[in-house]
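First up is the structure itself, then whatever we jot down about it.
The values are calculated or read from the model by the stated rules, or taken from the named source; none is laboratory data. Keep in mind that this is a model prediction, so the values were computed, not measured. Heads up, the Cβs are rebuilt from the backbone with ideal geometry, glycines too, and the neighbour counts pull from every protein chain shown. The area values use the complete protein model at the heavy-atom level, side chains included, leaving out ligands, DNA and RNA. Shrake-Rupley method; radii C 1.70, N 1.55, O 1.52, S 1.80 Å.
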Amino acid sequence: ENRLEARLKHYAKYQLLIIDEIGYLPLDRTGANLLFQLITKRYEVHSTIITTNQVFSKWGDMFSDNTLAAAILDRLLHHSHIIKITGPSYRLKGKIEEFEEKISSIK
């Protein structure tokens, strides 16, 4: 429908764009290329926050293209602040203990 450039400009204009859980679902080559175009338009102009549980060395697999992954990472990491969060899942907080208590009460 010839709206791709308009959509890229739409997402490129925001002062802050948050892309959550990148890599949770695999991107095909077209999706990875679109992400590259968006990141390129935003590069050194606006802020982007990316959340992922994938280490950078796996991004080539995630995008099915090592060169494209390297180009995306090059732009994302150039002026970045990386925050690594470790530990148990916040969403599961208390759920594991609750489950273990239920199992113990059944025994």
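For K58, the lysines whose Cα falls under 25 Å of its own Cα, not counting residues fewer than eight places away in the same chain, are K41, K84.
Taken over the chain, the percentage of Cα pairs per 5 Å bin, counting from 0 up to the bin with the maximum distance, is 2, 10, 18, 19, 15, 10, 7, 6, 5, 4, 3, 1, 0. In terms of accessible area, using a 1.4 Å probe and ignoring ligands and nucleic acids, R42, R91, R29 rank largest first as R91, R29, R42. I'd like the distance separating the alpha-carbon centroids of the stretch 79-107 and the stretch 6-59, in whole Å. Measuring centre to centre over Cα atoms gives 28 Å. Listed by chain and number, the lysines whose alpha-carbon sits under 18 Å from that of K102, ignoring those within fewer than 8 places in the same chain, are K93.
The R3 and T40 beta-carbon pair, evaluated with R₀ = 25 Å, returns a calculated FRET efficiency of approximately 0.85. Residues whose amide H lies under 5 Å from that of L17, counting only those 5 or more places away or on a different chain, are S47, T48, I49; hydrogens are built 1.01 Å from N in the peptide plane.
Other residues lying with their Cβ under 13 Å from the Cβ of I39 contribute a combined charge of +1, Lys and Arg counting +1, Asp and Glu -1.
Heavy-atom surface analysis with a 1.4 Å probe gives the chain a carbon and sulfur content of 55 percent of its accessible area. The residue among I82, S105, V55 whose Cα reaches farthest toward the positive pole of the charge dipole of the chain, with charges on the beta-carbon of Lys, Arg, Asp and Glu, is I82. Counted as membrane-span-like here are DSSP H helices of the chain whose alpha-carbon atoms extend 15 Å or more along the helix's own axis and whose Kyte-Doolittle mean is -0.5 or above; these are 29-42, 66-77.
Accessible surface calculations at 1.4 Å, restricted to protein heavy atoms, place the chain at 81 Å² per residue.
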